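Engineer: If you scroll down you'll find the structure; I have some questions about it.
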Amino acid sequence: MKELEQVIVAYWCQPDGAMAVESFLRAPAGEQWRPETVLSVPVFLAHVLDANPPCAVTLVEHLRGGDPVKVEMVAQALNYCHLPDRARLMESLVGESAAASMEDAGADFVALVPSHPVHVDMLWMCFFATADSAYLDRVVQLLDGWLPENRLQDLVGRAAQEPAVQQQAMAGLLAKAAEVTIAAHVQQCEPIQAALTRKAQAQDGLAAAMAARLLARFQSP
């Protein structure tokens with residue numbers, strides 16, 4: 001899994017669809033994938049397949065009847081992608097019923113409105129696969145929901161019983177996920193540094209203040 005993670009985070013500046021697919025195929029069968037990974041890697045693969053259609057055939061041919069987790073991830077990638085023959089590929093991979101239940105037009109991640117922390121990972125996957133900094137701007141904007149940790153935990157604890165605080169609690173969780181992932185990638189990813197700078201210079205609210213704070217943390221010796 002470590003090899004695949006390295007390939008994914010470097011893909012925005014070193015796009016090689018065949019290498020990404022081979023790295024995914026090399027991940028050991030029975031790998032203990034984190035749930036977040038199982039949900040987000042198909043987003044990356046979908047973009048890779050859209051840009052490299054022969055890679056879809058490679059995945060289907062190598063995984064048909066194989067590791068069930070990888071098969072499910074590729075099936076979801078086919079569901080998300082926009083290849084003309086995606087239904088045929090899905091049928092070949094997992095059967096007619098799955099192919100018949102596919103979304104007609106694939107997924108539009110530009111229109112994704114985050115409503116769960118895993119959606120932050122999905123936005124990162126979109127950036128890594130496409131190098132489109134608009135996805136990073138959206139991650140940075142989520143910082144607008146930031147809350148102090150004690151306040152966040154209080155709201156999360158109350159959210160199940162108090163619908164009035166659910167929206168603020170989720171905004172806080174999304175901001176926390178954005179902050180953690182930005183901190184994890186800011187050293188190696190110049191586009192996220194640029195996205196933070198754009199937001200900090202806007203001086204238009206909490207997200208701008210948090211962007212400035214993260215930049216200062218990154219730039220401090």
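Values quoted throughout were computed directly from the atomic coordinates according to the rules given, and no laboratory measurement underlies them. Being a predicted model, the structure only gives us computed values, none of them experimental. Because the Cβ atoms are built from the backbone with ideal geometry, glycine has one as well, and the counts that use them run over all protein chains shown.
Engineer: What is the magnitude of the charge dipole of the chain about its Cα centre, with +1 placed on the Cβ of each Lys and Arg, -1 on the Cβ of each Asp and Glu, and no other charges, expressed in debye to the nearest 20?
Structural biologist: 600
Engineer: Report, in debye and to the nearest 20, how large the dipole of segment 154-221 comes out about its Cα centre when Lys and Arg carry +1 and Asp and Glu carry -1 on their Cβ.
Structural biologist: Here the size comes out at about 120 debye.
Engineer: Further question on the same structure: Please work out the Cα center distance from segment 115-158 to segment 1-72, rounded to the nearest Å.
Structural biologist: That distance is 23 Å.
Engineer: Which lysines does Lys176 reach when only Cα atoms under 26 Å apart count, and residues fewer than 8 places away in its own chain are ignored?
Structural biologist: Answer for Lys176, where 26 Å is the Cα cut-off: Lys2, Lys199, listed by chain and number.
Engineer: Using only the Cα atoms of segment 105-221, build the gyration tensor, take square roots of its eigenvalues as a ≥ b ≥ c, and label the shape rounded, prolate or oblate: rounded if a/c is under 1.5, else prolate if a/b is larger than b/c, else oblate.
Structural biologist: Oblate shape, in that a/c is at least 1.5 and b/c is the bigger or equal ratio.
Engineer: On to the next question. Based on C-alpha coordinates, I'd like the Rg and Dmax of segment 2-108, in Å.
Structural biologist: For segment 2-108, the Cα radius of gyration and maximum Cα-Cα distance read 12.8, 38 Å.
Engineer: Which value, in nm² and rounded to one decimal, describes the direction-averaged projected area of the C-alpha convex hull of segment 69-131?
Structural biologist: 4.9
Engineer: For q = 0.09, 0.11 Å⁻¹, what log10 I(q)/I(0) does the chain give under the Debye formula with an equal point scatterer on each alpha carbon and no solvent?
Structural biologist: Log-scaled intensity ratios, in q order: -0.41, -0.60.
Engineer: Separate question: Taking other Cβ within 10 Å of each residue's Cβ, how do Cys13, Cys189 sort, fewest first? Numbers along the way, then the final one.
Structural biologist: Details: Cys13 12, Cys189 20.
Going from sparsest to densest Cβ surroundings: Cys13, Cys189.
Engineer: Run the helix sum for the chain: -39,500 (n - 2.57) per DSSP H stretch of 4+ residues, divided by residue count, reported at 222 nm to the nearest 500 deg cm²/dmol.
Structural biologist: So the helix-based figure for the chain works out to -21500 deg cm²/dmol.
Engineer: Could you work out the longest stretch of the chain that avoids the GluC sites (Glu not before Pro) located in DSSP loops with at most 15 other Cβ atoms within 10 Å?
Structural biologist: Within the chain, the longest run free of exposed GluC sites (Glu not before Pro) spans 104-221.
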